[in-house]
Amino acid sequence: MLHRAIATTLFLAALTHAHQPAPKNAIASLTRDIPTLMQQADIPGLSIALIEPHHTTWLHNFGTVDPSTNAPVTDHTRFSAASLSKPVFAYAVLKLVDQGKLDLDTPLTHYWPADAPYPVEPAKDSQLSQITARIVLSHRTGFPNWRPDGKPLQIFFTPGSRFSYSGEGYVYLQRTVERIAGKPLNQIMQQLVFTPLGMNDSTYISVPGPNITLGYSPALKPRGPIRSEDGNAASSLLTTAHDYALFLEAILDKRGLKPATFRQMETPQIAVDPACSNCANRPAPTTLSKEIFWGLGWGIEQTPTAKYLWHWGDNPSFKAFVSIDLDHHRAVVVFTNSQNGLSIAPTLIHDALGGDHPAFHWIHYDTYDSPSFRFTQDIVHTGATALTTHSADLQQHLISEDTLESAGYILLYDQKKNDEAIAVFTRNVELYPDNGNAQASLGEGYMVAGNKALAIESYERALKLVPNSRFVKSQLAKLQGTPKEDAAH
């Protein structure tokens, strides 16, 4: 059920809608801007498609799948779609709803035997029976995004009561759908989505082949897509811009689902917490966003000029973004093989669709021209001398603790520059002395460099700031030779 505030917001927004024609020369702008942006952001390869009802108006590839060989990105280059996996899976789930095989509002436990499919904390078991497909698709399960390794899955708030983005919820729904269909995920997706839409280069399972691009860190260190032998509905889709455009054509054409089901997909189920996306273990928000909502499988932007469906993708070294202008019937999808991919997405989406996109502020990635991004790029290219080059921005805290930490790890692990990494971690501690992560990162730098005494000192300072950190306790145990069971107390 919609909150009254959401319904009021949508009504007022509808009254203020103005006609927004397609951006003139969108293709020319993108063709001009993309190579420059890729160079500024150190993005090796990119594939993009513009879509209107019934057809893809433009499909283009830029750059390389391998900077060492300059092998080009092609129409058949598969990218890790990351969380752009979720809307495609949601479409399949809604097909099952239309077929009467799954009900949006029946608890998923109904489709399972008495024992729960996941090890949920005993005190929370009763809440599992409140989770439905609708609640999963709108990210209201109470699950975290991903559980800690080796730990049971917890429910942090009453299912349905508020938003918190969760890949775990999608996997729970995936296992339920597999149980209903009696088939593994990829076979279900082939039957319901890929084959009907002609998405011949798409799969949710890891497959070998020359058409899959590697992804690249800011220092251009290559890594493959996350492997998934069974498929992961939340994150493991391998696809091309061409194939994803076929999916978006179906959404724009209203094909494959009943009209009422499409309306439900596009209807806000919940407004998000404007301060965070992964909010499971945080207090309930005191205010809700007036611009960003979640539907069934999609984020929703409601602006004065248009209503958009959207989603972002973020796997290590692969970034993607999709946006659908529902009022003006056009869409764009972008795939990149770079950790830096989302830094240029706001410019590309504006070139393609125009309009305002508050989602970018909400997901909060550094843009290619921001102080934090420029600092990281200088770290990659010039090392710790970037501390001097950007001293004014650092002093004004225009470069965050997280950015400094990430830059230090680039030097430490990607470039094997231990002393320079320690210099960055040290500056981070100076700027953010009360931040336990900063102290712990400095400890890790000393540990990798072989300076055991200073590593212990840094981790001990970190433990005073974050006394419940299992990671810090574990690191101290390694350094001090303390048995793990003793270190946990």
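Seen against the Cα atoms of the chain and their longest principal axis, helix 85-98 is set at about 30 degrees. Give the separation of the Cα centroids, region 121-156 to region 382-458, in Å. Result: 36 Å between the Cα centres.
Quickly estimate the mean residue ellipticity at 222 nm for the chain, helices only: each DSSP H run with n ≥ 4 gives -39500 (n - 2.57), and the total goes over all residues, rounded to 500. Calculated at 222 nm, the ellipticity per residue is -11500 deg cm²/dmol.
Here the residues W312, W294, W146, ranked from fewest to most Cβ neighbours within 10 Å of their Cβ, fall in the order W146, W294, W312. For the chain, the share of DSSP beta bridges that are antiparallel, to the nearest 5, is 95%.
Net charge around T57, counting only other residues with Cβ within less than 11 Å of its Cβ (Lys, Arg = +1; Asp, Glu = -1)? Its environment carries a net charge of -1.
The structure shown yields semi-axes √(5λ) of the Cα gyration tensor in Å, and of the options (i) 39, 32, 21; (ii) 37, 29, 22; (iii) 45, 28, 19 that calculated value carries the label (ii).
Summing Cβ point charges (Lys, Arg +1; Asp, Glu -1) relative to the Cα centre of the chain gives a dipole of roughly 900 debye. Give the angle, between 0 and 90 degrees and rounded to the nearest 10, that separates the Cα long axis of helix 241-253 from the longest principal axis of the Cα atoms of the chain. Its long axis makes an angle of about 40 degrees. A simple count of charges around H329, restricted to other residues whose Cβ falls under 10 Å of its Cβ and scoring Lys, Arg +1 and Asp, Glu -1, yields -3. May I ask for the net charge around K101, where only other residues with Cβ less than 13 Å from the Cβ of K101 are counted and Lys, Arg are +1 while Asp, Glu are -1? Neighbourhood net charge equals 0.
Once the mean of 1/r is taken over each pair of separate Cα atoms and inverted, region 43-193 shows a Kirkwood hydrodynamic radius of 17.7 Å. Note on region 124-236: dipole from Cβ charges, positive end direction compared against S235, V136, L197; the farthest Cα belongs to V136.
If a/c stays under 1.5 just call it rounded; otherwise compare a/b with b/c (prolate if a/b is bigger, oblate if not). Do that for region 107-194, with a ≥ b ≥ c from the square roots of the Cα gyration tensor eigenvalues. Verdict is prolate for region 107-194. Relative to the first principal axis of the alpha-carbon coordinates of the chain, what is the inclination of helix 371-382, with its axis defined by its Cα atoms, in degrees from 0 to 90 and to the nearest 10? That works out to roughly 60 degrees.
Amide H to amide H distances under 5 Å link D66 with A71, where only residues 5 or more positions off or on other chains count and H is placed in the peptide plane.
Cross-link pairs exceeding 26 Å in C-alpha to C-alpha distance, out of K151/K452; K101/K258; K124/K258; K124/K319, comprise K151/K452; K124/K258; K124/K319.
Please state the shape class of region 271-331: rounded when a/c is under 1.5, otherwise prolate if a/b exceeds b/c and oblate if not, all from the C-alpha gyration tensor. Cα axes put region 271-331 in the oblate bin. Listed by Cβ neighbour count within 10 Å, with the fewest neighbours leading, H381, H328 appear as H381, H328. Exposure proxy for K473, K417, K101: other Cβ atoms within 10 Å of each Cβ, ordered fewest to most, give K101, K417, K473.
Under 5 Å from the amide H of T132 lie the amide H atoms of L108, each residue being 5 or more positions distant or on a separate chain, with H modelled from the backbone and absent for Pro and chain starts.
Here's how it looks for S338: its modeled amide H is under 5 Å from those of Y216, K319, which are all 5 or more places away or on a different chain.
No lab work stands behind these numbers, since they all come straight from the coordinates. Because the structure is a prediction, the values reported are computed rather than measured. So basically every Cβ, Gly included, is an ideal-geometry build from the backbone, and we count neighbours across all protein chains shown.
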